[in-house]
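Heads up: the structure comes next, in structure tokens.
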Amino acid sequence: MFTDKHVVITGGSSGLGLSLAERLVDEGAIVTLVARDTTRLEAAKAQLLDGAPDARVHLAALDITDEAETARVLAALGEARGGIDALINSAGILREGYFEALETRDFREVMEINFFGLLNATRAVLPFLKSSRGRLINIASVAGLTGVFGYTPYCSAKHALVGLSESLRYELSPQGVRVQLVCPGEFDSPMVDALEASR
């Protein structure tokens, strides 16, 4: 069902975003990876092309916490590629620690990327999804459904994303946009591996 469909993936340079991109290019999708780091984006594209030389992979170096820049870049991307059929919001960071030891900036940083960044991307892409009657796919977490020891910033942001997704489903379904929420458990990824440095 993704053959020749244009799928934009935030957080697409590593982890779950990159794994989903691998599956999508195998199904014939046109994939645009969105992330902040150009070097990592180029490495991700090389990895995808190594596994599927005919894959159609595009890159957008972008900080999704910048609302104006996100709107500008993703609008231009949609126009240049003839629309957007799906947005997978997979970007995210994790801050771990005892609540008393964490600072307000830890909560703000996680919320800025894991919630507001995804909100910015969704706003930017929504006109294209309405036009294509496409899909909005938000990657939350089991931590968005229940509390997790030591994950107060992450759980707060993911709970907010779950609420946003469920509300958007009611609003956008009558407009032809399918909203899907994915809540995986913890899995091997660079984000999770990085926690070992501070545990």
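The values are calculated or read from the model by the stated rules, or taken from the named source; none is laboratory data. Just so it is clear, the model here is predicted, and its values are computed rather than measured. Here the Cβ is made from the backbone with ideal geometry for all residues, glycine too, and neighbour counts use every protein chain on show. Please note that ligands, DNA and RNA were not included when accessible areas were found on the heavy atoms of the full protein model with its side chains. Shrake-Rupley method; radii C 1.70, N 1.55, O 1.52, S 1.80 Å.
Accessible area per residue for segment 54-199 is 52 Å², calculated with a 1.4 Å probe on protein heavy atoms, without ligands, DNA or RNA. Qualifying chymotrypsin sites (Phe, Trp or Tyr not before Pro) in segment 69-134, where qualification requires a DSSP coil assignment and no more than 16 other C-beta atoms within 10 Å, comprise Y98. A crude spin-label estimate for the pair R178 and L145, with each label 7 Å from Cα along the Cβ direction, gives 2.0 nm. Between the beta carbons of A68 and T104, assuming R0 = 25 Å, the FRET efficiency works out to 0.50 to the nearest 0.05. Within the accessible area of the chain, the carbon and sulfur atoms contribute 51%, probe 1.4 Å, all protein chains present.
Rolled with a 1.4 Å probe across the full set of protein chains, the surface gives S131 an accessible area near 100 Å².
In straight-distance terms, cross-link reach from K130 covers every one of the aspartates and glutamates whose alpha-carbon lies under 19 Å from its own, apart from those fewer than eight places away in the same chain; here that gives D4, E79, D85, E166, E171.
The lysines whose alpha-carbon is closer than 23 Å to the alpha-carbon of K45, local same-chain residues fewer than 8 away aside, are K5.
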